[in-house]
Structures are given as structure tokens and as C-alpha cells.
Amino acid sequence: MSEVLNAAALPRDPRRPIAPAPPLEPERPRIRDIAAFFFRARRNLLTAFSDLVYRQPIVRRAFMGTPVWIVSDPEAVKRILLDNVANYPKGVQQQRRLRPAVGDGLLTAGGESWRWQRRTTAPAFQHKKIVAFAPAMTAAADDMLKAWASAGAREIDLPREMMFLTYDVLSRTVFGADARTDAQKMGAAFERYFDTIGKLDLAAFLNLPEWVPTLGRLRARPALRYFHGEIGRIVAERRALLARAAAAAPDDLLTMLLTATDPEDGRPMDDRQVIDNAITFIGAGHETTANALCWTLYLLSEFDWADARVAEELDRVLNGRLPTAEDAGRLVYTRQVLEEAMRLYPPAPFLGREAIEADELCGLPVKPGTQILVSPWIIHRHAALWDEPDLFDPERFAPGRREAIHRFAYIPFGAGPRICIGMAFAMQEAVLLLATMLQRHRFKAVAPEAIEPHATITLRPRGGMKMRIEPR
């Protein structure tokens, strides 16, 4: 059964006929159209695009002489992210938003630097390690619920609580308990960063040099100082422990980063690379998962029939106990709801790429320098790819139907060689945290009509999301 998603959907009719082909020539917007786009995008990039992008496989534009393509055709996306990935590195705008925080870490590095860092960090996300993290994940959620009960909580700021929860999980697993820092301060720093550098401002729109001291860049500096100061302290403490008593150091990602060497020349990561990657994993490891949890709980608060079905599955599979790693595979419908939530509200809504050599997409010639936007937000709501795309329908991901979805029509974690390295970790974490919370509580949005998805680097609810928590 499906119901119309009546909150935070775009004001458009998904049943309109699908246009058969992209425009033959790029549309050249007038100055006033460009200005209108900027002001809409400045407030919320999700609302800046016309209905055309949700019906056409490729929409081509030109801005100040630079071709800009919005690409939604799955085969074209496959070529960009997999088949000809070397020709489409991350675009300059995406790099400018990420590099101030994560430097040349795994998220932003290219070429051999990226390949080496990927090889170095991959063992931390092997299946057996992820499975071993499950008890720590559920323990973090259990401790949070006990804290709510002790405080007599009846209403919570859900994004804030989910940020604390996923940061606690990260501290207990990938970075070890001794690598903790203040979760509230870290969450506030990331929020400031995303709300400043993460926003589209005039400097980004006009492609001004990075040294121009815009208001956003100035406001982001305290957050950047906090990231690098705190993570630098943790790295220094762990390096000292390794030098003093290597056997006492936790077997976690931080130790792995500090002890890894290039298999070809034996070169270790320097402190700058370790810090960049630690910030990358902290940011990506708690921000995106926290947002996925928020949107999943929001949808369950809106659709009682889905919430009831999740509760029935949890009762049947778990019978009141904490979930285990094996249960993550048994909670089929819970996972379907999570996947549908990430379709409607992808944690990273926009991926920017740039063509460095000539190519062809959907039979159209791509010039070097073309800016490419691959948007999970647009692709996941595209009329040519999904039946009634604005409907909330977890059955899309049911066994037998999930396999029919084109691999490049559903990309909440990206795709190709640069797919999120922590995808399996995040999926296990999200399912286990949802199962632990939803066994004991029902979540109801306080003001669902006011909830609005807001895109910066990630997809957050603008102004927060107040939830009432009710015992089951």
C-alpha cells in the first residue's frame, strides 16, 4: 500500500508525460532568470530547479560561457561514475566546499593519492569488522534511550539527538573510546560549517578565488579551527601511545591510519593526511547517518501503517531483545523503509563533476570543462525512473522488486570506485539503531507541516525537527 507523501514534496505533478529526449540546444537563460535561480538556490538548492529536470534524461544550460549539465539518465550516470570515471573528477564547487575541512583526505583526493588512501582504509570496513561493531552500535542506542527515560523526556530535538547518537557510535567503534571529543561541540561545528561554506553564496556562484574573504568563509573559521585542533590533539595522543606502548593501542581506524604504509615504497601517512582522513570519517560517519535516521523516523511518524508494520517485524524477530548483526539481515521491512527514506531524502543530495576531456553522454557531445551535476535528489524523484516518484512506498525495495531498480537510478551512497567506503557500516548501523529505538518508542512529529528539507553539503531539516516520543 502506498500513500501520497504530503510533506516536503516538490510542488509538481509526477504523472505528467515524460519528454522523450533532451533539448537539441542548450537553453541560455536570461540574466533575470540566472538571478532568480541564484536567490532560490541561496535559500535552498532543492527549490532552484524547474520541473524539466525531473522529466528529462539530461538538461543542458550555459552560465557565463560554461556548459552546465544536469544528468539523470542511469546509463549516462554509469559512464560518469564508473565507465569513464577518470574523465569526471569532482567539480571545483564541490572541492571548494569540502577541502577547507577535509584537506586532501579520501573524500577529495584524486589519482594515486586517492587509490593509496582507499587501499589503506579499506581493511577497517571489512565485513568481519563491521559485524564486530554491532554490539557497540546497539549499546549506544540503548544508553541514549535510558538517558531519555532518566530525564523523563517526552519531546526531543531529533536531529540533535541523532547527531549525538551517531557520534557516540563512531567513538565506540571506528576511533576507539580514547579518541572521544565533545559530541555537542563537534556537532555544532559541523552544523556551522555546512551552513556557511556548504551554502551556495555569491562567491561560489561567480566562481571567485578561494582567497576572497567572503562572509561564509569568515564564519566557518571557528569550526575549522575546532576540527583541526581537536582531531590534531587526538592524533598526537594516539601517536604518542603507539611510540610508548604499541600493543596498548586500540585496533581501530585511527591506529590503522597512523601505522599504515604504502605497499610500494613503505611511506607512511603524515599527520596532515591522518587528520584529514579522521575529519572525513567523523563528518561522513555521523552527519549523513544521523540525517538518514531523522528522515526515516519522520516518515514513520507520518505513516502509521508503515510504523505498525515495522513494530510487528521487530516484535516477531527480536521479541524484546537488543538486535544483533545477524538481525540486520532479518529485519527486511525495516531496511525497506530506510532505503525508501534515503530515496526521498538522500543524505548527500548533489554530486558535482567536471569533464576534463571530450566525451559523449546519451549521444550528446560533452566538451572539456563541462560542469556536471549528478543529483541523487533529482534522480530519486525522476518521472522516467520511478512510478509515482513522490509517493512513499517501501515496497519498491521488497525482495524481487529491489533487484529491478537500475544500479545507477538509486545512488544514496554514490556509485562506482568512489562509492562511500562506509556504506555497509552505515546500513548496519542505521538498521540496528532504528530497531533499538522503534522497539520501545513511537515517534510523532510535533509540527510536520513546518518540516522542510534543506540542502547544503548534506540534506538536513531546516530549523530542526521536534519529535514527541511515546512508549509502545
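The values are calculated or read from the model by the stated rules, or taken from the named source; none is laboratory data. Everything numeric here is computed off the predicted structure, so don't read it as measured data. Here the Cβ is made from the backbone with ideal geometry for all residues, glycine too, and neighbour counts use every protein chain on show. Side chains are part of the model used for accessible areas, which takes the heavy atoms of the whole protein and leaves out ligands, DNA and RNA. Shrake-Rupley method; radii C 1.70, N 1.55, O 1.52, S 1.80 Å.
Close amide H partners of His441, meaning residues 5 or more places away or on another chain with modelled amide H under 5 Å apart, are Arg472. Charged neighbours of Arg343, selected by a Cβ distance under 9 Å, balance to 0 (K, R count +1; D, E count -1). Listed by chain and number, the lysines whose alpha-carbon sits under 19 Å from that of Lys466, ignoring those within fewer than 8 places in the same chain, are Lys444.
Other residues whose C-beta falls under 15 angstrom from the C-beta of Pro222 contribute a net charge of +2, scoring Lys and Arg +1 and Asp and Glu -1. The separation of the stretch 287-326 from the stretch 237-260, counted between C-alpha centres, amounts to 36 Å. Solvent exposure of the stretch 69-180 amounts to 39 Å² per residue of accessible area, where only protein heavy atoms count and the probe is 1.4 Å. Kirkwood analysis of the stretch 346-452, using all unique Cα-Cα pairs, places the hydrodynamic radius at 17.1 Å.
Quick check for you: which residues of the stretch 297-329 have the amide N under 19 Å from the point 7 Å beyond the Cα of Glu388 toward its beta carbon? Within reach of a label on Glu388: 299-309.
Measuring nothing but protein heavy atoms, the accessible surface of the stretch 78-198 at 1.4 Å probe radius is 55 percent carbon and sulfur.
Taking the inverse of the mean 1/r over every pair of distinct Cα atoms in the stretch 238-319 gives a Kirkwood hydrodynamic radius of 16.5 Å. For Thr324 and Asp157, the difference between the fully extended length at 0.36 nm per residue and the C-alpha to C-alpha distance is 57.4 nm.
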